[in-house]
1. Add +1 for every Lys or Arg and -1 for every Asp or Glu among the other residues with Cβ under 12 Å from the Cβ of residue 106, and state the total.
2. Around residue 15, what is the net charge, scoring Lys/Arg as +1 and Asp/Glu as -1 over all other residues with Cβ under 12 Å from its Cβ?
3. Greater than 27 Å separation of Cα atoms is the criterion. Which listed pairs, 82/289; 208/341; 5/87; 208/289; 134/337; 144/319, meet it?
4. What's the center-to-center distance, using Cα atoms, between the stretch 227-290 and the stretch 84-105 in Å?
5. Given the alpha-carbon gyration tensor of the stretch 7-49, what are the semi-axes of its equivalent ellipsoid in whole angstrom, ordered largest first, with each equal to the square root of 5 times an eigenvalue?
6. Just from its helices, what would the mean residue ellipticity at 222 nm be for the chain, if runs of 4 or more DSSP H residues each count -39500 (n - 2.57) and the sum is divided by every residue, rounded to the nearest 500 deg cm²/dmol?
7. Hey, if you put +1 on the Cβ of every Lys and Arg and -1 on every Asp and Glu Cβ in the chain, which of 332, 316, 252 ends up farthest toward the positive end of that dipole?
8. Hey, can you grab everything whose amide H is under 5 Å from the amide H of residue 78? Only 5+ residues off in sequence or another chain; H modelled, so Pro and N-termini drop out.
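Read-outs throughout are calculated quantities, based only on the coordinates presented, and are distinct from any laboratory measurement. The structure displayed is predicted, hence computed values, not measured ones. Ideal geometry is used to build each Cβ from the backbone, glycine not excepted, and the neighbour counts take in all protein chains shown.
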Amino acid sequence: MDNRKYIGMDVHQATIVVAVRDTTGKLVMESILETKAATVLDFIRGLTGSLSVTLEEGTSAAWLYQLLQPHVAEVIVCDPRKNALLKVGNKNDRVDARKLSDLLRTGMLSPVYHGECGVRTLLGLARSYLTLTKDLTRVMNRLKGLYRSWAIPCAGKKVYSRRNRSAWLEKLRGGGVRRRAELLYQQLDNLMQIRGQARREMLAESRKHAASQWLGGIPRLGPIRVALLIALLQTPHRFRTKRQLWAYSGLALQTRISAEYRFQQGQLQPSKRLPAIRGLNANHNPDLKNVFKSAATHAGRGSDAWSDFYQNLLGGGMKPALARLTLARKMAAVVLKIWKKGERFDPEQLKPQSA
């Protein structure tokens, strides 16, 4: 007798609604648990057989995945954007838990990667650095927007420097406007100091990983991009091929085609219609895409192996935008290969036909 059980969890801040099904799809148990580790583990220990658990990606997904993994046979954190069945019919916590358990039983869930425990410290530091960078950019934009609202030209970076700050404040005549600028400058100084500290801690943690030595030898990446790559990718073995990494990084092409075949004289023949390209895939990791895009943009301005690769693409008649995309895809492929094999960067790997 097959004693496997499929558990769907609809997780919220205060409660977790649980639905349990057997291999035939019969609903054998439902419960509402308090969102506490002891309560969840007591419920799991009360079930017999091989347990498979699923929950949607969210705020508590990483905590619950780490909590349940040692006690069950399988934990799947699924992508809620791909669970179309949850959008059909009535919606409440109990219905969602039932549907999740049924999707788990039929194998129709798209998992979200949760795995490497050794990179969680670096991942937390990298997220802090990226969040502080976005906050700092937001404050800088607000500061420039304040000057522009009073028709004061403020191109360049001099408006942010402490040396010229009093001169810039003198241009704002309104007392309330000037005070607002002073508060923005204080916020800017604090964020720059905190981001510097976060950057130092992130770089120190990244140097503890062996991959930093291999990836650090790739031109145009630099220590910050290397640290972000290790934190965001965690392990290269989650990607079987470079095309999977391209899709995760937002560098994969989306194509659309229909009516691919037709009958001619009683024989099935493929249509000569070419797939229509609809841009790059929208479902991706934006921080990882920014790493490869920024590296490819800077590589086109230097004088190294990447610059030569970029110039060869332009010399072959490729448009600059497409050449930068090809360069970013090639960088991602080289990163994946070097990280998997644990080898040093070789400029001879940069061949246009392999991009």
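1. +2
2. Its environment carries a net charge of -1.
3. Cα-Cα > 27 Å for 134/337; 144/319; rest within.
4. Measuring centre to centre over Cα atoms gives 29 Å.
5. Equivalent ellipsoid of the stretch 7-49: 19, 12, 6 Å, largest first.
6. Details: 12 runs with 170 residues, N = 355.
My calculation for the chain gives -15500 deg cm²/dmol from helical runs alone.
7. Farthest towards the positive pole: 316.
8. 55, 56, 57, 112
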